[in-house]
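The values are calculated or read from the model by the stated rules, or taken from the named source; none is laboratory data. Note that the structure is predicted; figures quoted are calculated from it, not measured. FYI the Cβ positions are ideal-geometry reconstructions off the backbone, even for glycines, and counts take in every protein chain you see.
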Amino acid sequence: MLRQQAKRNWFLSVAVFLFCTVSGIILRETTMIDPFWAYICIFLGFIPASIGSYQLSLAKRYSLAQAVRIKTKALSQELEKSERTKEAQLAFLAHMSHEFRTPLNAIMGFSATMSQEAFGPIDTPIYKEYADCIYKSGAHLLTIVNDILDFIKLETQQAKLKCDWINIQDVVNEAMQIITGYPNYDKRNIILADLSKCPRLYIDNRLIRQVLLNILSNAVKFTQDNGRIALKYTQTDKGEFVLSVSDNGIGIAPNQIPLVLRPFTQLENSMTRKYAGTGLGVPLSAQIMKLHNGELKIESVLKKGTTIHLVFPETSVEKNT
């Protein structure tokens, strides 16, 4: 409304300016009046034109500022709505995850009891095999639930580090003991660097072990039989400690690497993918590294292999004394 009024005033001021200009020219050319008065007449036409232009400029700025305020308010409301939706989703996932854990504990406990024949032998051997399958399936599902809970804690900034000076070799050995139970582990050639001379790291033992489990299990999963998996370390000139896990598996296309870091993302179509999983392993690991003020970097070539670097900052590396 204000801008429309300013436009009308501007058109009126332009009309007044043109009238004064034409009048001044006519007086200058057709009368014997002193030219000074003709120029004064033309000058007077500039006054309403200038005022009209200034008012129009102010109206435009005001309209723009008002539009920006309205847009900012709308975006703020959308952001608030999005945050509320995200919080509700995370709360739902956390609730459902806790609900899953209670029956899972019973399923795993009873199936383990049956598998071990704690209360007497099972006459039909196939039942013992079924109990083993139930236990393994329950353990797999519990791992997924724990990943979801850990991810929610990181997303809601509820996760707290329990850091101490830790020998990274001990963490790797703990992770490798668990990895040996993964399917097809014995069909992979795994090469571990000698980490005995590595400096100690100020890290959360449990979380970094989980990162290594996620990275190593992916390497085992996405590497073909007789494939190679190597773990090595380096120290940069800046004093950073870099632990790298590389494989010669299926690899990742460069344009898909950002997708790998997104939670719940699978690169293959859900109807055709060959590899099971929630897509939380790498994003969760990246969040844990970020919590340690470190970084997770991915280098990969499609059909040639992948290398994941875990970069620990200089402040987390013990200095040689």
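Rundown of residues vs (1) among the charged types (D, E, K, R); (2) in contact with a helix residue (DSSP H, G or I) (Cβ under 9 Å, 6 or more places away or on another chain), yes/no style:
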position	(1), (2)
I203	no, yes
N214	no, yes
F222	no, no
G227	no, yes
K232	yes, no
F241	no, yes
S244	no, no
G251	no, no
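Taking the numbered list (1) surrounded by fewer than 16 Cβ atoms within 10 Å (Cβ to Cβ); (2) under 17 Å from G181 (Cα atoms) in turn, Y135 passes all entries but (1). Applying the set (1) within 22 Å of the chain's Cα centre (by Cα); (2) over 20 Å from N320 (Cα atoms); (3) not hydroxyl-bearing (S, T, Y) to N189 leaves exactly one unmet item: (1). Of the residues making up segment 270-292, those that are surrounded by 15 or more Cβ atoms within 10 Å (Cβ to Cβ) and at pLDDT 85 or above number 10. From the list L149, L104, L154, the lone residue that is surrounded by 12 or more Cβ atoms within 10 Å (Cβ to Cβ), touching a His at 6+ places or on another chain (Cβ under 9 Å) and assigned to a helix (DSSP H, G or I) is L149.
Residue pairs whose Cβ atoms lie under 7 Å apart, separated by 6 or more positions or on different chains, with the first residue in segment 227-240 and at positive phi and of a type in the set (F, W, Y) and the second at pLDDT 90 or above and part of a strand (DSSP E or B), do not occur.
This table checks each residue for (1) part of a loop (DSSP other than H, G, I, E, B); (2) under 23 Å from T315 (Cβ atoms); (3) touching a residue at least 40 places away in the same chain (Cβ under 8 Å); (4) assigned by TED's automatic domain parsing to the domain that holds P283.
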{"position": "D186", "(1), (2), (3), (4)": "no, no, no, yes"}
{"position": "K197", "(1), (2), (3), (4)": "yes, yes, no, yes"}
{"position": "Y202", "(1), (2), (3), (4)": "no, yes, yes, yes"}
{"position": "L213", "(1), (2), (3), (4)": "no, no, no, yes"}
{"position": "Q224", "(1), (2), (3), (4)": "yes, no, no, yes"}
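Here G181 meets the list (1) under 22 Å from T236 (Cβ atoms); (2) loosely packed, with under 13 Cβ neighbours inside 10 Å; (3) of a type in the set (G, A, S) almost entirely, failing just condition (1).
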